[in-house]
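The values are calculated or read from the model by the stated rules, or taken from the named source; none is laboratory data. Source: prediction; values computed, not measured. As a convention, Cβ positions derive from the backbone with ideal geometry for all residues, glycine included, and neighbour counts pool all protein chains shown. Accessible surface areas use protein heavy atoms only, side chains included; no ligands, DNA or RNA. Shrake-Rupley method; radii C 1.70, N 1.55, O 1.52, S 1.80 Å.
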Amino acid sequence: MTACYIGVDVGTKSVRAAVVNRNGKVVAKATKDILIWNPDEDFYVQSSENIWEAVIHAVKAVIEKSGVEKGYIHGIGFDATCSLVVLDADGKPVSVSHGSSHEECNIVMWMDHRASEEAIFINSTNHEALKCMGGQMSLEMQPPKLLWLKKNLPDTWNKAGHFFDLPDFLTWKATGDTSRSLCSLVCKWSYQADSLGTREWNQDFYKTIGLEDLLSNNATKIGKNIQSPGAPCGSGLCDSVAMAMGLNAGTPVGTSIVDAHAGVIGSVGCVPKATTEDKPFPLPDLTSRLVLICGTSNCHMVIRRNPHFVPGVWGPYYSAILPGLYNAEGGQSAGGKLIDEIIESHPAYIEAMKDAEALSKQRGKPVHIHDYLNDWLNTYKTRDNLPFVSYLTKDFHLYPDFYGNRSPLADPTLKGMKCGLTFSVNLKDLATQYLASIQALAYGTRHIIDEMKKAGHSVEIIYMCGGLSKNSLYVETHANVLGLPVVLPLDEESVLVGSAVLGASASKDFSTIQDAMLSMCGEGTVTEPSKSEAEFHDKKYQVFRKMVEDQKQYRAIMNG
């Protein structure tokens with residue numbers, strides 16, 4: 001038996017854990033669902049106690065499932081969504097909701113958009129700190145949410161003894177150590193880090209926006225001990241947590257990372273299988289690879305040696321993922337959530353689900369609704385004698401920002417649009433709208449990459465991971481729309497591998513986090529773009545860009 005590491009990923013809807021060996025092979029996985037409350041429009045909250053119980057359950061389950069003896073677990077790493085956790089001085093939950101109906105909820109989720117006015121105010125300051133956020137701070141980041149709590153929930157504000165980013169809450173629960181991750185603080189809290197050695201809270205920024213009280217007492221409430229991802233956290237697992245998980249006390253715990261950033265660590269070093277025995281697939285430099293982490297939301301991550309500032313794209317952030325390198329992050333607030341909405345709100349959804357369930361019984365294995373619709377799209381292509389599946393949306397167009405635009409327009413007020421609706425509510429119409437939603441997300445990604453390139457970024461290849469990367473149509477559509485090859489790691493759990501890399505780094509089995517990453521990223525496959533679809537997607541992309549221009553014109557008319 002060889003050394004293994006545990007990766008724990010706290011996503012939007014579930015906690016997942018995996019045992020990963022030093023070559024990046026996932027030995028076993030376990031999942032536990034977590035709860036989400038939506039008490040009001042734009043309010044999304046969770047319970048840290050519910051999440052931690054799910055973490056213990058998932059880790060214990062995956063150890064039992066793997067059969068790996070606890071002595072061979074050399075480290076554990078955590079990643080999570082960039083949600084805000086509020087605790088009192090004793091580490092007890094403090095409510096982030098009005099009234100008493102959701103007192104157990106002490107987490108303002110990443111997707112919570114309550115702090116729109118606070119974000120507008122922060123951006124109106126035009127503070128120099130905003131330069132590293134694409135020129136504007138998103139309402140999904142922590143300062144707007146903190147300011148909202150201070151203004152609207154004074155009891156919560158006064159009781160709060162700790163404000164954690166969710167990944168840092170997890171390492172605190174595991175070790176008792178209150179250190180914070182440079183990744184979370186630089187990317188979501190406007191903490192300053194640069195190549196000259198600066199590591200400090202931006203006091204002028206926090207004073208300007210009215211949060212200077214958080215910096216008192218050496219910023220104890222928000223973090224005074226800041227560590228790089230993968231650095232050993234405290235003295236490892238504390239006794240009670242180790243016993244609950246079924247691990248040895250003192251098992252090294254790596255400093256945490258935001259979930260999308262874990263996807264980068266777990267995939268960007270992946271090497272595609274050789275196209276022939278003698279000719280490996282030509283890979284560009286690490287700094288010309290864009291990692292698309294596609295799940296409930298989508299994140300577009302690039303790593304560079306020098307800083308590049310892109311309007312509407314977060315970053316450049318120094319050493320937030322790998323030491324000595326800058327990263328930038330584009331994003332779409334609704335990715336898989338958009339596709340789910342399009343499918344589940346359609347009148348033919350119930351019929352489609354019944355058919356998919358029947359097929360599952362017939363084939364003896366689950367048939368996902370995406371796979372079911374992909375099969376039908378190929379049937380319609382053949383039946384209608386079309387040149388390619390994408391042609392089904394020739395007369396139907398969708399604009400995807402149902403939950404605002406994160407990048408590159410940085411406008412949370414934008415809405416979704418459909419063009420080409422008819423009275424048809426049959427299965428073909430459902431499949432066509434589903435296809436259009438995938439295309440719209442790909443066109444949004446193309447828009448982000450176009451703006452990155454204008455600012456000096458090089459993007460020559462796409463690495464893709466996350467739940468949607470398991471959808472072959474999603475992968476092929478992005479390759480064709482972007483005109484770039486897409487690499488898929490053979491192991492589909494890149495985010496879990498990335499968090500396991502943090503544990504491997506903390507264990508000191510590897511000399512650096514880069515060494516652990518390159519050892520554990522494994523091999524992958526490549527999907528090449530179809531040249532025959534290039535002209536079609538160029539035209540559709542023009543329609544995509546025109547739709548947002550039209551929406552802005554509509555607003556100007558209504559507000560004029």
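Here are the numbers for this structure:
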| read-out | value |
| --- | --- |
| Options (1) 24.1; (2) 25.6; (3) 27.4 - which one matches Kirkwood radius over Cα pairs in Å as calculated here | (1) |
| Cross-link pairs Lys173/Lys221; Lys273/Lys531; Lys279/Lys454; Lys337/Lys428; Lys415/Lys531; Lys25/Lys453 - those with Cα-Cα distance over 24 Å | Lys279/Lys454; Lys415/Lys531; Lys25/Lys453 |
| Burial ranking of peptide ranges 381-387, 205-211, 470-476, 481-487 (average Cβ count within 10 Å, highest at the top) | 481-487, 470-476, 205-211, 381-387 |
| Extension gain, Ile120 back to Lys151 (0.36 nm per residue minus Cα-Cα distance, nm) | 9.7 nm |
| Heavy-atom accessible area ranking, 1.4 Å probe, most first, across Asp550, Asp355 | Asp355, Asp550 |
| Carbon/sulfur fraction of accessible area - region 184-244, other protein chains in place, 1.4 Å, % | 45 percent |
| Apportionment of accessible area to carbon and sulfur, region 1-54, percent (1.4 Å) | 41 percent |
| Kyte-Doolittle at least 0.0, axis length at least 20 Å by Cα - qualifying DSSP helices, the chain | 48-66 |
| Formal net charge of residues neighbouring Ala231 (Cβ-Cβ distance under 15 Å; K, R +1; D, E -1) | -2 |
| Set of region 294-318 residues, backbone N closer than 20 Å to the point 7 Å along the Cα-Cβ line of Arg545 | 310-313 |
| Over the chain: helical MRE at 222 nm, DSSP H runs n ≥ 4 each giving -39500 (n - 2.57), nearest 500 | -11500 deg cm²/dmol |
| Approximate spin-label separation Ser240-Lys394, in nm, with each point projected 7 Å along Cα-to-Cβ | 6.6 nm |
| Accessible surface of region 484-560, 1.4 Å probe, proportion on carbon and sulfur as whole % | 53 percent |
| Qualifying aspartates and glutamates (Cα of each under 17 Å from Cα of Lys470; at least 8 residues distant if same chain) | Asp340, Asp371, Asp375, Asp491, Glu492, Glu493, Glu523, Glu528 |
| Under 12 Å, Cβ to Cβ, from Val548 - net charge with Lys/Arg +1 and Asp/Glu -1 | +1 |
| Kirkwood Rh in Å, taken over all unlike Cα pairs in region 264-379 | 17.7 Å |
| Label-point gap, in nm, between Tyr72 and Asp90 - each point 7 angstrom along Cα→Cβ | 4.3 nm |
| Pairwise label distance in nanometres, Ser472 with Asp515, each label 7 Å out on the Cα-Cβ vector | 4.1 nm |
| Rounded accessible area per residue of the chain, 1.4 Å, Å² | 40 Å² |
| Accessible area of Glu460 in the full protein assembly, 1.4 Å probe (Å², nearest 10) | 100 Å² |
| Local net charge near Pro529, Cβ-Cβ under 13 Å (Lys/Arg +1, Asp/Glu -1) | -4 |
| Ranked order, Tyr326, Tyr317 - accessible area, probe 1.4 Å, largest first | Tyr326, Tyr317 |
